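Only the coordinates and a few stated rules stand behind these numbers; no lab work does. Note that this is a predicted model, so its numbers are computed, not measured.
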Amino acid sequence: MADVDEQERSEQPTQKRLNEGREKGQVAKSIEINSFAIFTTGLLMVYITQKYLSSQLSEYSIHIFNSIDILKINKDLLQNYAKEGLYFYLITLAPILGAIFLIALITGFAQVGFKFSMKPLMPDIKKFNPFNGIKKVFISQRSIVEVLKSLIKLLIIGGFTYSILSDLVLNSTKLAELTIPEIVSYMVDAAYNLLWKIALVYAAIAAIDFGYQKYKFKKDMMMTKQEVKEENKQSEGDPLIKQRIKKAQFQAAKSRMMKNVPKADVIITNPTHFAVALKYDMTKDAAPKVLAKGVDELAQRIKAIAAEHGIPIHEDRQLARAIYKICNIGDEIPSQLFKAVAQVLAYVYQLKNRKKKNPIV
């Protein structure tokens, strides 16, 4: 079933899906990039502060060795030495630790931007289920990949480090002939040479992992066709509901339009398919207005209402089609049709005047 679900994820993630994932802390982030940046920054700071570290460590080593012959083991003395040592290393390593902390923040921001979310820290009862935890650790594909990646990284870096350290061990036999400052300087140089060579290997590992995390994130965020449809419903509304609302609005507009038909001066038809109801009030309107219009069944209803209220019906195929196509409800007749409409209205007014002079008893 899981394979089927995976195959169905054929749609690219929408922006809404990506935003929701970001709120939950789901972003394409490579831990190896952060580790590489921190490792490289530490290496660079060791190189920059090389002389400072050598002098500090030399002075402290001399201080320790000079006090060995007068050292009295007791609780208070050990506590003082521990506090002194802790303070010394904090001061000595402060520039390196500060730079590492800063680069860690910058690297995280560079990968995913600034986004603080508390959702990943919120308690989830499902996370306390031991069976789910065991499943994630031993069965999930992500866990297997992470374990394999860690093993490969350990083997590569471990083997590379061993090859370098083996040479350093052989050369360390000469340290007995050196002074303390020279020994410390040698140790710092050796550490630097070891670290920058490891950094090169780490750079390759980080680049590969970054590409993999981008690919994995994109794959995890893929959506099924059904998920896309559901999201569209949530963001734009259910198409069926929207269709019903639109239909109801159309019915209401049509009802209002039909109520205006009895107010018309004339109905122009083609004669069976189109019908347009016009009204002209010379004291208010600059041109005749369209009160109603319809085609086929609606046109027949307009004509029926007009017949009930004694409104003249005039047949003009081209004019009916033109008004129906150009004008909307409430629009005034455009200038290119005004002459033709004026002729119709003049004819209608003449009929009305005749009826007034010769009423049927």
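So which of Lys284/Lys339; Lys259/Lys293; Lys51/Lys197; Lys29/Lys218; Lys242/Lys303; Lys242/Lys289 end up more than 23 Å apart, counting from Cα to Cα?
Those over the limit are Lys242/Lys303; Lys242/Lys289.
Need one word for segment 241-357: rounded, prolate or oblate. Basis is the Cα gyration tensor (sqrt eigenvalues a ≥ b ≥ c); a/c below 1.5 gives rounded, then a/b vs b/c decides.
The shape class here is prolate.
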